[in-house]
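Reviewing the structure listed below.
The values are calculated or read from the model by the stated rules, or taken from the named source; none is laboratory data. Predicted model, so just to flag it, every value in this text is computed and none were measured. Virtual Cβ from ideal backbone geometry, glycine too; neighbours counted across all protein chains shown. Protein only, heavy atoms only, side chains kept; ligands, DNA and RNA dropped before computing areas. Shrake-Rupley method; radii C 1.70, N 1.55, O 1.52, S 1.80 Å.
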Protein chains: 2
Amino acid sequence: MTGTRKAVTLSDVAQLAGVSLSIASKALRGGGRMTPATRQRVVDAAATLKFRPNTLAQSFAQGRSLVIGVVVEHSSDLFTMPVVMGVTSTLGNLDLAVLVYDASEGPERRTDVVAKLRARMVDGILVVGDGTKHPVPSITGEVDVPVVYAFCESESARDTSFMPDGFGAGRMVAEHLIGLGRRKIAHITSGNDTSAASRSAGLVAGLADAGLSLALTSPLVGDWSQAWGMTAAREILRRREDVDAVFCGNDQLAVGAQRVFRSEGVRVPEDIAIVGYDNLNRLVESAPLITTVDPELYRLGGTAARYLVESGAEREPGVQHLPCTLIPGWSTQPDGARPAASFADDAP
Amino acid sequence: MTGTRKAVTLSDVAQLAGVSLSIASKALRGGGRMTPATRQRVVDAAATLKFRPNTLAQSFAQGRSLVIGVVVEHSSDLFTMPVVMGVTSTLGNLDLAVLVYDASEGPERRTDVVAKLRARMVDGILVVGDGTKHPVPSITGEVDVPVVYAFCESESARDTSFMPDGFGAGRMVAEHLIGLGRRKIAHITSGNDTSAASRSAGLVAGLADAGLSLALTSPLVGDWSQAWGMTAAREILRRREDVDAVFCGNDQLAVGAQRVFRSEGVRVPEDIAIVGYDNLNRLVESAPLITTVDPELYRLGGTAARYLVESGAEREPGVQHLPCTLIPGWSTQPDGARPAASFADDAP
């Protein structure tokens, strides 16, 4: 322990204000009998000394630790990180700490983690998943504090889980493309992601609302690679069914499809509009970007954390689907911003 | 508070073992006079009940909060997130919680944050920056607990800061390219990033070690966009100076340069090898990837956190530069893995 200043105590405040410890305490808590002038003197002294009551001692006396437990599989995962960071910074601004147990960082099994969180008397627990719809084990019954599941679905229907609204995202994309006059909308996606199925279903539902059905009858299903996006785009052109838009299940597929279309002389978006998902390309590409959908994972983490803190025992069971955001880009805006020629032409 | 199970107490253990509370306590702490059989009975009872001592009460009695404060500017920033997550999960696996104050999430000024962290009696503080070399204000003198600066440099030379070794990264890239027989190595970078200057200096030093100097005499300096990478690549070709390798200050520049070279019939890596920096392309591209350097930000956060906890009052002043990792990709490996034709040819 180095450093020069010690924490300001209530004694310091009392001394500066020229009152007893008891009066100082009552003045700051708003109770007690004293003149307004005396109370003001204490308040001023506290402000001058930058006194802050010992919240730890207070909370401990109330049986609260002011710590929220977070259980996560892989905290370094690209999609998990924004969720946990949203949780952490939202709770921080509520003066709540987080105790994160990352199963990938240590040998802890889930039961050990639960035991440790109980021993630490955490005020609540967030279980953060990987965004797939594989249900995660419920730990709610093992603890006597609130538990909320973020970016995953608890296996127990009595628990509260928060997930991005993938179905809504698919429907939103359908509405966006239909609003641009597109009618033959194809879909490229991956088969090894259960949450992607929600987006596909939303797309189909959105098309059905407008009396349309999926172009090419069914989705083109491969993996999450640019290479598959390119292969699927060639398949779309080969079929000669006048497809005028493609919803790609992630941004990599969209980049791959875009490359093939442009190289084959198909104008994007005039001939074929393209929409991706994840809003990841912003990380490594320059603007303007391909139209995409942001699953708002940082916000999801924050929403789940606030819900945990504010809901008390009144948690609503089931999965709460939080809205995603459409991020319009050049690949669906014929009259909007276009990439610089050097970029758009993807030389040559 | 919902749920069914209550935390196991020492009383439960004592009851199951058939001993007094005092004996149970002494048995688990390793002291007291009792027969080995009695001690074993208590230990077995604790194991059966999954009893964990109340670490919160113990630590509070010792004047420890088991909470580390984290002060961060923008917790949702792409480069900040892995640092904070490395901090958070590393501390979590040491059973330490983090209280994160994100200046971008609330109206808190730095002085307020320090006052709140003192009131909370945190056991230490990590200040997490944005990776630029602009010095951050030192708060070490304002608190009586250890403070460590991660992904930033404290303005005080007496503080301990952790940064990626950008100079070492530049030198490592020079050695990698020289080891491949390259002699005319150019450099594309950005002028609006003070930490990028370290990488440039390391590159120049690594070339000098081999009796070489930078091709084209000086770096091509623009912004961090793919567009600038393309423009700079065209400039390299225009100068006709037989450049055989390019170190790009980030991955976006590398992608842009690669596109121009390939489109102009320059073979990568046979004619010109390319290296980027950040290891960001892995996020949105399929393997194989352009050779790059990973600044290991998650690991940096974990290292800084462990240092904070383990160093006590013996912290070494100054900036500790942590090694980056070269990630070899197809753009420097003539005989190694190559991207699939459909991808590498960047259709058409």
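Under a point spin-label approximation (7 Å from Cα along Cα-to-Cβ), what is the B:His134-B:Arg64 distance to one decimal in nm?
Simple spin-label model gives 3.7 nm for this pair.
Using the Cα centre of chain B as the reference point, and only Cβ charges (+1 on K/R, -1 on D/E), how large is the resulting charge dipole? Debye, rounded to the nearest 20.
Using only the charged Cβ atoms, the result is roughly 1500 debye.
Give the value in nm², to one decimal: projected area of the alpha carbon convex hull of segment A:210-260, averaged over all directions.
Working: hull surface 14.3 nm².
Seen from a random direction, the Cα hull of segment A:210-260 projects 3.6 nm² on average.
What residue among A:Leu21, B:Val147, A:Val43 has its Cα farthest toward the positive end of the dipole of the protein assembly as shown, where the charges are +1 on Lys, Arg and -1 on Asp, Glu, each on the Cβ?
Ranked along the dipole, the leading option is A:Leu21.
Under 13 Å between alpha carbons: how many lysine pairs meet that in the protein assembly as shown, if sequence neighbours fewer than 8 apart on the same chain are excluded? Provide the component values of the computation, followed by the final result.
Values: A:Lys6/A:Lys50; A:Lys50/B:Lys116; A:Lys116/B:Lys50; B:Lys6/B:Lys50.
Here the count comes out as 4.
Ignoring ligands, DNA and RNA and using a 1.4 Å probe, state the total buried accessible area between A and B in Å², rounded to the nearest 100. Don't jump to the answer; show the numbers that get you there.
On the way: alone 17960 and 17990 Å², together 28750 Å².
Rounded to the nearest hundred, the buried surface is 7200 Å².
So how compact is segment B:124-242: Cα radius of gyration and Dmax in angstrom?
That works out to 18.1, 61 Å for Rg and Dmax.
So how far, in whole Å, is the C-alpha centre of segment B:135-212 from the one of segment A:114-192?
40
Considering chain A as a Gaussian network with a 10 Å cut-off on Cα pairs, which listed residue, A:Val72, A:Val266, A:Val275, attains the greatest mean-square fluctuation?
Result: A:Val266 has the largest fluctuation of those listed.
Looking at the protein assembly as shown only, what percent of DSSP beta bridges run antiparallel? Nearest 5 please. Don't skip to the answer; put the middle values down first.
Values: 7 of 75 bridges.
For the protein assembly as shown, the DSSP antiparallel bridge percentage is about 10.
In nm, give the distance between the simple-model label positions of A:Glu316 and A:Asp271, each being 7 Å from the Cα along the Cα-to-Cβ direction.
Spacing of the two 7 Å Cα→Cβ label points: 4.7 nm.
For every helix of n ≥ 4 consecutive DSSP H residues, a contribution of -39,500 (n - 2.57) applies; sum these over chain B, divide by its total residues, and give [θ] at 222 nm rounded to the nearest 500 deg cm²/dmol. Let's see the in-between values first.
On the way: 12 runs with 134 residues, N = 348.
It comes out at -11500 deg cm²/dmol, rounded to the nearest 500.
One decimal, nm, shortest first: give the distances between the label point of B:Gly181 and those of the same position in the other copies, each label point 7 Å from Cα along Cα→Cβ.
List, nearest first: 5.7 nm.
Using a 1.4 angstrom probe and counting only protein chains, how large is the accessible area of B:Lys50 in Å², to 10?
140
Under a point spin-label approximation (7 Å from Cα along Cα-to-Cβ), what is the B:Ala201-A:Ser104 distance to one decimal in nm?
Modelled inter-label distance: 3.4 nm.
Ratio of segment A:90-187's C-alpha Rg to 2.2 N^0.38 Å, to two decimals? Don't jump to the answer; show the numbers that get you there.
Numbers: Rg = 18.6 Å, N = 98, 2.2 N^0.38 = 12.6 Å.
After normalising by residue count via 2.2 N^0.38 Å, the value is 1.48.
Looking at chain B, what % of its DSSP beta bridges pair antiparallel, to the nearest 5? Intermediate results must be reported in sequence, preceding the final value.
Values: 3 of 37 bridges.
Expressed as a percentage, antiparallel bridges in chain B total about 10.
Cα convex hull of segment A:178-288: how many Å³ per residue?
On the way: hull volume 11.3 nm³, N = 111.
Looking at segment A:178-288, the number lands at 102 Å³ per residue.
Could you calculate the FRET efficiency of A:Thr35 with B:Asp144 from 1/(1 + (r/R0)^6), where r is the beta carbon distance between them and R0 is 41 Å, rounded to 0.05? It would help to have the intermediate numbers written out before the result.
On the way: r = 35 Å, r/R0 = 0.86.
So, using R0 = 41 Å, E works out to roughly 0.70.
Nothing charged except the Cβ atoms of Lys and Arg (+1) and of Asp and Glu (-1): what's the magnitude of the dipole of the protein assembly as shown about its Cα centre? Round to the nearest 20 debye.
Values: 68 positive and 78 negative charges, 504 e Å.
Charge dipole, the protein assembly as shown, about its Cα centre: 2420 debye, nearest 20.
If you filter segment A:210-276 for trypsin sites (Lys or Arg not before Pro), then keep DSSP loop positions with at most 15 other Cβ within 10 Å, what is left?
Working: sites: A:Arg234, A:Arg238, A:Arg239, A:Arg240, A:Arg259, A:Arg262, A:Arg267; in loops: A:Arg240, A:Arg267.
Passing sites in segment A:210-276 are A:Arg240, A:Arg267.
Over chain B, what relative contact order in percent results from Cα pairs under 8 Å that are six or more residues apart?
Once normalised by length, the contact order is 16 percent.
Have a look at A:Ala119, A:Ala232, A:Ala174 and tell me which one the Gaussian network model of chain A (Cα, springs below 10 Å) gives the largest fluctuation.
A:Ala119
With Rg and the Kirkwood Rh both taken from Cα atoms, where does Rg over Rh land for segment B:227-322?
Working: Rg = 18.5 Å, Rh = 15.6 Å.
Over the Cα atoms of segment B:227-322, Rg/Rh equals 1.19.
Using +1 on the beta carbon of Lys and Arg, -1 on that of Asp and Glu, and nothing else charged, what's the dipole of segment A:161-254 about the Cα centre, debye to 20? Please report the intermediate quantities before stating the final value.
Values: 9 positive and 10 negative charges, 61 e Å.
Approximately 300 debye in magnitude.
Calculate how large, on average over all directions, the projected area of the Cα convex hull of chain B is; give the answer in nm² to one decimal. Can you show the working numbers first?
Working: hull surface 100.2 nm².
Approximately 25.1 nm², given one-decimal rounding.
Taking the label point 7 Å from Cα in the Cβ direction, how far apart in nm is B:Asn192 from each other copy of itself, listed shortest first?
Reported distances to equivalent positions: 3.9 nm.
When chain A is treated as a GNM, springs tying every alpha-carbon pair under 10 Å, which of A:Val221, A:Val70, A:Val204 comes out with the largest mean-square fluctuation?
Evaluated over chain A, the most mobile residue of the options is A:Val221.
Taking only the Cα atoms of the protein assembly as shown, how large is their convex hull per residue, in Å³? All intermediate terms of the calculation are to be shown ahead of the outcome.
Values: hull volume 140.2 nm³, N = 696.
About 201 Å³ per residue, rounded to a whole number.
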